[in-house]
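Have a look at the structure below before the remarks.
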Amino acid sequence: MSDLNLNPNIERPDDFYADLLDAHEGLSKEESDAFNARLILVLANHIGDGEVLRAALKAAAK
């Protein structure tokens, strides 16, 4: 099992944020929400470790 990493770990975070905003450009609220849900599922699948995912859910709820 891997521990959840809550330390800054995104290479070039400002660029990622800009890419994320660009991905939402022109989407309605409903489309944007659906995009976010798909992105979460894609990233959760990439992580794959149920314990890490549960820890992420708890961390996000705080």
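Just so you know, all these numbers are worked out from the coordinates, no wet-lab data involved. None of these values were measured; they are calculated from a predicted model. Cβ atoms come from the backbone with ideal geometry, glycine included; neighbour counts cover every protein chain shown.
General remarks:
- Label separation (Asp22 vs Ile40): 2.5 nm, computed from points 7 Å beyond Cα along the C-beta direction.
- Taking the helices alone, the chain has a mean residue ellipticity at 222 nm of -22500 deg cm²/dmol, built from -39,500 (n - 2.57) per DSSP H run of at least 4 residues and averaged over all its residues.
- Other residues lying with their Cβ under 12 Å from the Cβ of Glu25 contribute a combined charge of -3, Lys and Arg counting +1, Asp and Glu -1.
- Of Val52, Val42, the sequence from fewest to most neighbouring Cβ atoms within 10 angstrom is Val42, Val52.
- Cα gyration tensor shape for the range 16-62, rounded if a/c is under 1.5, else prolate or oblate: prolate
- Ranking of Phe35, Phe16 by neighbouring Cβ atoms within 10 Å, starting from the fewest: Phe16, Phe35.
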